[in-house]
Amino acid sequence: MIESKNDHQSRRNCEFRRAIAAAGRCRRVYGGALPLLASSVPMSVRMDTRHRQKQALAQTAATMIEPGEFIFLDSGSTNLALIDFLPKGYDLTLATNSIDIAGAALRGQDLKLIMLGGTVDLAVGGCVDATAIGSLAQMNIDRSFIGVCSVSPTFGLSAFDIADATFKRALVAASGYTIALATTDKLEVRAPHRVSEINEIDCLVLEHDAPISHLDDLVRAGASIVKALQPF
């Protein structure tokens, strides 16, 4: 049977949809494919997006860490990049709710590691339930790096998942100094669950070429901004 041109194109479209769905970049539905919401993109996929920009943010943020500090890395692909830039010989204690961050920290890092327990939320990439929040409440954290889903001068820092937002609020409360690393795409999305006002975050690290209009609006809302190095 000879395949028509339309049949051939339809088969190629179907194969393409299957491939991008298998890569976690869309959700297959009958008759096509829908783009994934940011809240449903797996951590394994988020790690590979805007990789150079995340490294630049992480390298800049790591210079703020002081010797002997108790730091917390919230679950997130940008915070995962921080592991490669943590200063050596600083006698750091690192706590995290992220499996990926804890695993990376175990590979050749000279630091004390605390892993929060609880039920792992696969979309978040870590533990954000009541067990994790209970452990967090017992900590006196010097410096925390908050995972960011959305940054807005009007709505502050927000998250897509309600449990994740609740955990992040508890992390802000338990921390002496809070830092949020945000790629530029996080300045252009809205998320439903508020974490904090902009002026409640001590430092917001943004990309070196973040739009001036965004920067001006954030500064007027009370943000303290550090621009990252140019990606290498």
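The values are calculated or read from the model by the stated rules, or taken from the named source; none is laboratory data. Please read these numbers as outputs of a predicted model, since none were measured by experiment. Ideal geometry is used to build each Cβ from the backbone, glycine not excepted, and the neighbour counts take in all protein chains shown. Note: accessible area is taken over every heavy atom of the protein model, side chains too, but ligands, DNA and RNA are not part of it. Shrake-Rupley method; radii C 1.70, N 1.55, O 1.52, S 1.80 Å.
Per-residue Karplus couplings for the stretch 219-227, computed as 6.51 cos²θ - 1.76 cosθ + 1.60 with θ equal to phi - 60°, are listed in order as 5, 5, 7, x, 6, 9, 10, 10, 8 Hz, Gly and Pro entered as x. Close amide H pairs (under 5 Å, H built 1.01 Å from N) link Val195 with Leu157, Ser158, Ala159, residues at least 5 positions away or on another chain.
In the stretch 91-161, the convex hull through the Cα atoms has an average projected area of 5.8 nm², a quarter of its surface area. Along its three principal directions, the equivalent ellipsoid of the stretch 90-232 from the Cα gyration tensor extends over semi-axes of 26, 18, 14 Å, largest first.
When the chymotrypsin sites (Phe, Trp or Tyr not before Pro) in the stretch 148-188 are filtered for DSSP coil states and for at most 15 other beta-carbon atoms within 10 Å of their beta-carbon, no site remains. Here's how it looks for Val205: its modeled amide H is under 5 Å from those of Ala180, Leu181, Ala182, Val226, which are all 5 or more places away or on a different chain.
Counting only lysines at least 8 places from Lys88 when in the same chain, those with an alpha carbon closer than 22 Å to its own are Lys54, Lys112. In this structure the stretch 77-127 gives 44 Å² per residue of accessible area when probed at 1.4 Å with all protein chains present. Given a 1.4 angstrom probe, what's the average accessible area per residue across the stretch 159-206, in square angstrom? With all protein chains present, the stretch 159-206 gives 39 Å² per residue. Annotation note: trypsin sites (Lys or Arg not before Pro) in the stretch 155-200 located in DSSP loop regions with a Cβ neighbour count of at most 15 within 10 Å are Arg190.
Centre-to-centre, using Cα atoms only, the stretch 189-221 and the stretch 99-165 are separated by 20 Å.
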